[in-house]
Amino acid sequence: MKEIVKITFALTLSCVIAASAMGLTFTVTAKAKKHNHLMSVQNAMMDLLGFGEDHPAPSDLTFHNVYRYIVKDGGKKFLGYMVPVEKAGKEVYEMVMIDLEGKFVEKLEVPISEGQAEEAHDRASALEKVLPPNQFFTYADASAVATAGGERLGYVLPGKFPGFRTFIHVLVAMDPQFELLGLEIMEHEEDAGLGAEIEQEYFKNQFKRKSFEILKGLEVVKKPMPQEYKKYLEKSKWVEGMFTEEQISEIRKQYKASDIHAITAATISSKAVTDGVKNIAKKFAYRIGKLDGVLEEQDIHAAF
Amino acid sequence: MSTTMKSNTQLFMDGILKENPIFKLALSMCPAVGISTSVMNGILLGTAVLFVQVFSSCTISLIRNYIHPKIRIPTYTLTIATWVTVIDLVLAAYVPAAYKAMGMFVRLIVAFAIITMRLEMFACREPLGKSFWDGLGMGLGFMFAMIVLGAVRELLGSGMLLGYDVLGFKPLLFFVLPSAGFFVVGLMMAFFNWIEVAYNRKKGV
Amino acid sequence: MLLVSVLLVGCENGHKFVKKTAFKDTDKMVLTFAGPVDESWASNVRNFSAYEEPDPDIVLTIKETTLSPDKTQVTLVFADPLNTGEAHIISATNILSEGQDLGAAVLTVKKLYIGVLMTIFIGAALINNFVFTKYLGLCVFFGTSQKRGTAVGMGVVFTIVMVFAAVMAWGLYQFVLKPYQLTFLNVVVFIGLVSLSVQGVDTILRKVNPMLFKAFGVYLVLVIANCIAIAVPLILADNEYSGWESFALALGAGLGFLIALFLMACVRERLELAQVPPSFRGLPIAFVTAGLFALAFLGFSGLSIY
């Protein structure tokens, strides 16, 4: 009997010590992890908008996050946008509810700061306080609007869609006319050497500068990529004097409306990314159009 | 076993050559086949395993006199699992990009037979110093094997080493494909065997 | 073919008169009614509206509708290919059947759950075979694949322990670890559960069937050293699988392991009698064989039954 007690005590003690060691590590590293993640997303966004070392961003560049929710009230569904609004010189969040056709329903002020709003948990509790108890909300997605000097510079949209293996997470940047500024692959589980090539410049950069009209009808072709185009796309490998200004604009014009060249032996991954980006862009353009209409009609001064 | 007679350096070198976990003992082969696709992966996972091995060996060695014989295995498992969680959290927080390349394999270290075996055979009866060197040797042996595998596969598969374009072209994409892991490990094992046979023959054994 | 068509049928819908709803091809939906519907109602595209469940504000364009000869099936043809992975909601206004207005209907069209489970099961067993595609469980794999009897024994024992451990892992993860934000304890808890399952199966087998225990008992200890045993709980936690999905994953993983072991054992038994160069004898040639199997299994990677 004494043996069992001793064993149980020893085991419990070891478990407690182990758990505290891990808990300590967790609390210490959790903060660093969140910070690193945020930095990498921010860097990706700046990069997509075209800012970098040789093209520094304007000092007043800010990203405004708009969070989209689906609100269910009885049998009806509404879209709820958490929009940063300028009120009396300060920025607060307002929940703008729009019905499925795009007509304004109501707006509510949400007591949350911009920093807090980045945490899903905090957003949920703030919304719970403001919305009536018979309304249920589910988080849909977030978009970032980049502004500088009082003008909109562009939109950065995170998105997720099924790839060949599991899901592919991307970041898509568009300018105010919905021309694609760039595409960044954030996460994927595609096969190395095959589907994973979607991370390579020669695939990603094909999407750059595609206008919205062309994007809507973009297809994937299984043709080999012309060498010259490939060299042009791999921007990081450019050497001095490789392309003249004339050549660059020539190539750009030539391939502006061309379809996406699939990656060799990875057609499904290429198609998944193309269709995914198309959907993200189309849906966002439709939704921001409706939201802008409502904001103007209701005279809501969004921070963008 | 005459482990008590071995000097620290000998313990250390044994772990790398004579008792190399992957090539000789054929243990912990899952990562060897799965993610030895580049030298960087090898270095990273090698470091993780080294960390877990050394710290687990030292922890068990420190408390070896207090472990009740009946709960030996659960204690080893708990220790290993704790250190694996620690290194997992640290890597995820400070080197996220590299950590993602390794997928699940960092957390799978907890199931590596090599570490438990080492604790059972060595750390639970040897003092702290010897356990440390043995753990270090084993861990470095693993890292060495992973780096060699990674180098072969990265060079032959994508013409690069550590991300630097060495060959300028991709000889055989096949080597980067996961199934090649089996072939390369098998061939390297045969190679090590062959070296040992030749060495013994020279020594007249 | 019949099985596939049965699997494609979703049976949830919200109106008494609608018998079933299903996807068809890549751009159609078929609504089956309990009785004949009026052609005037069925042929008017404007009586139907459809959207994907997570995007209620994006209305999908219906190109045309067709009515079956017996008037009980309406096929909606869409302008763009449908994303059949998502549930779709269809609103049909005022169904007219033989002149009677049967009211409006809100219907759900989605793939049957059993299809999702089958995908996970076949995925874990063949497409993402844990040994040949994910390279896990190799130590145990090479250790027990020398004879067919050993291989089968190990495979069966592993599947049993895996199913127990996975279901317990799912329970603990959903009801204890996640709600209390203790997910950093995942690794410890899961390996603990595997040990517990091994111990449990050991005790049960000893009491219930000593014969079976004598044959298979020795493999139980090896399960703990099997990477797959800890990989399966980690996967189901990362992907947030439901209870049934976890069960399907564990069963598939076990079955895949059994298949891999059996195939390997068959080959290795023959290799014993072959002329193998001295350096390659034993493990090295086994590795090369496994490599060939892995290449063969690569052929499954495009398999998509659902």
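The values are calculated or read from the model by the stated rules, or taken from the named source; none is laboratory data. It should be emphasised that the depicted structure is a prediction, and the values quoted were computed from it without experimental measurement. Ideal geometry is used to build each Cβ from the backbone, glycine not excepted, and the neighbour counts take in all protein chains shown.
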Of the residues in the stretch B:54-74, those that are at the interface with chain A (Cβ under 9 Å from one of its Cβ atoms) and of a type in the set (D, E, K, R) number 1
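In the stretch C:164-177, what residues are within 20 Å of A:Ser20 (Cβ to Cβ) and either buried (at least 17 other Cβ atoms within 10 Å of the Cβ) or within 12 Å of chain B (Cβ to nearest Cβ) (or both)? Show your work before the answer.
Step one: of the stretch C:164-177, the residues within 20 Å of A:Ser20 (Cβ to Cβ) are C:172, C:176-177.
Residues satisfying the conditions are C:Leu172, C:Leu177.
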Subset of the stretch B:102-139 that is surrounded by fewer than 20 Cβ atoms within 10 Å (Cβ to Cβ) and charged (D, E, K, R) - its residue that is nearest to the other protein chains (Cβ to nearest Cβ) | B:Glu120
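Here is a yes/no grid of residues against (1) modelled with pLDDT of 70 or more; (2) not in a helix (DSSP H, G or I):
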{"position": "B:Thr3", "(1), (2)": "no, no"}
{"position": "B:Thr9", "(1), (2)": "yes, no"}
{"position": "B:Ile43", "(1), (2)": "yes, no"}
{"position": "B:Phe55", "(1), (2)": "yes, no"}
{"position": "B:Ser61", "(1), (2)": "yes, no"}
{"position": "B:Ile67", "(1), (2)": "yes, yes"}
{"position": "B:Thr75", "(1), (2)": "yes, no"}
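Quick check on A:Arg209: is it part of a loop (DSSP other than H, G, I, E, B) and within 25 Å of A:His169 (Cβ to Cβ)? Spell out the reasoning first.
Numbers: part of a loop (DSSP other than H, G, I, E, B): yes; within 25 Å of A:His169 (Cβ to Cβ): yes.
Judged against the criteria, A:Arg209 is a match.
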Cβ-Cβ below 6 Å, separation at least six or inter-chain, first residue in the stretch A:183-202 and modelled with pLDDT under 80, second part of a helix (DSSP H, G or I): which pairs?
-> A:Ala192/B:Val176; A:Gly193/B:Leu173; A:Gly193/B:Val176
Per-region count, the stretch A:139-174, residues within 15 Å of A:Ser269 (Cα to Cα) and either in contact with a Cys (Cβ under 6 Å, 6 or more places away or on another chain) or not basic (Lys, Arg) (or both) | 9
Of (1) touching a residue at least 24 places away in the same chain (Cβ under 8 Å); (2) outside any helix (DSSP H, G or I), C:Glu240 satisfies all except one. Which?
-> (1)
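Residue-wise test of (1) in a helix (DSSP H, G or I); (2) surrounded by fewer than 21 Cβ atoms within 10 Å (Cβ to Cβ); (3) away from chain C (no Cβ under 11 Å).
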{"position": "B:Ala98", "(1), (2), (3)": "yes, yes, yes"}
{"position": "B:Gly141", "(1), (2), (3)": "yes, no, yes"}
{"position": "B:Ala145", "(1), (2), (3)": "yes, no, yes"}
{"position": "B:Leu156", "(1), (2), (3)": "yes, yes, yes"}
{"position": "B:Phe192", "(1), (2), (3)": "yes, yes, no"}
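In the set A:Gly159, A:Gly163, A:Gly154, which member is more than 30 Å from C:Leu298 (Cα to Cα) and either away from chain B (no Cβ under 14 Å) or crowded, with 21+ Cβ neighbours inside 10 Å (or both)?
Numbers: A:Gly159 fails: more than 30 Å from C:Leu298 (Cα to Cα); A:Gly163 fails: more than 30 Å from C:Leu298 (Cα to Cα).
Step by step, each of A:Gly159, A:Gly163, A:Gly154 is checked, and only A:Gly154 is more than 30 Å from C:Leu298 (Cα to Cα) and either away from chain B (no Cβ under 14 Å) or crowded, with 21+ Cβ neighbours inside 10 Å (or both).
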Go through the stretch A:55-108 and tell me which strands (runs of 3 or more DSSP E), entirely inside it, have 2 or more residues that are away from chain C (no Cβ under 14 Å) and at pLDDT below 85.
-> A:76-87, A:90-99
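Do you know which residues across the stretch C:178-218 are without any contact (Cβ under 8 Å) to a residue 24 or more places away in the chain, away from chain B (no Cβ under 11 Å) and aliphatic (A, V, I, L, M)?
First, the residues of the stretch C:178-218 that are without any contact (Cβ under 8 Å) to a residue 24 or more places away in the chain: C:178-182, C:184-185, C:188-189, C:192, C:199, C:202-214, C:217-218.
So of that shortlist, the ones also away from chain B (no Cβ under 11 Å) come out as C:178-182, C:202-214, C:217-218.
Answer for the stretch C:178-218, where residues must be without any contact (Cβ under 8 Å) to a residue 24 or more places away in the chain, away from chain B (no Cβ under 11 Å) and aliphatic (A, V, I, L, M): C:Leu182, C:Ile204, C:Leu205, C:Val208, C:Met211, C:Leu212, C:Val218.
Listed here are the residues, each with its yes/no results for (1) crowded, with 24+ Cβ neighbours inside 10 Å; (2) more than 25 Å from the chain's Cα centre (by Cα); (3) not assigned by TED's automatic domain parsing to the domain that holds C:Ile224; (4) not in a helix (DSSP H, G or I).
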site	(1), (2), (3), (4)
C:Gly103	no, yes, yes, yes
C:Ile122	no, no, no, no
C:Phe141	yes, no, no, no
C:Val157	yes, no, no, no
C:Met162	yes, no, no, no
C:Ser195	no, yes, no, no
C:Gln199	no, yes, no, no
C:Asp202	no, yes, no, no
